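Comments concern the structure below.
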Amino acid sequence: MIKLNINGEARSVDVDADTPLLWVIRDDIGLTGTKFGCGQALCGACTVHMDGQAVRSCQTMAGDVGDAKIVTIEGLVGADASKEGKAVQAAWRALDVVQCGYCQSGQMMSAAALLSENKKPTDDDIDAAMSGNVCRCATYHRVRAAIHDAAKRLEA
Ligand code: FES
Ligand code: FES
């Protein structure tokens, strides 16, 4: 049995230590907002926060999480959302960022992690922080604009 803290709740899951966190989140906990894209840390669709850092849950093993606090997209935009989570959600809506949507929970997780460390990211900061989040619909310009918009909301 592995104990995890996911979106502020203590969870116990009966999985092997080398089970990717992505499958625990989706299959055992039932939070399906976190997506599977490549399984190889190449696309960012599976991004979650681990103690505030954006990590690829497809390459994070359940047994390696320990006491770290995991936040998924459901936690980022839910009732207990952080200020960065609220700002990102509002900006994404205002700028109508989403196209098919598949990559977007990962995009939002990476954006919120960036804003929690850098309140006023430049285009270069954004491009560096978001380079691991691939979008087949090429929403990159809107993602970048929405991060600037979220930064302004956080300033207000
Ligand atoms: S599914 Fe994890 S990075 Fe692509
Ligand atoms: S919105 Fe379709 S893959 Fe990014």
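Just so you know, all these numbers are worked out from the coordinates, no wet-lab data involved. Model, not experiment: these values are computed from the prediction. Ideal geometry is used to build each Cβ from the backbone, glycine not excepted, and the neighbour counts take in all protein chains shown.
Miscellaneous remarks
- Scanning segment 42-69 for residues that are surrounded by fewer than 19 Cβ atoms within 10 Å (Cβ to Cβ), touching a residue at least 60 places away in the same chain (Cβ under 8 Å) and near ligand 1 (Cβ under 10 Å from one of its atoms) gives a single hit, LEU42.
- On the stretch given as segment 72-101, residues that are within 16 Å of ligand 1 (Cβ to nearest atom) and of a type in the set (A, V, I, L, M) total 1.
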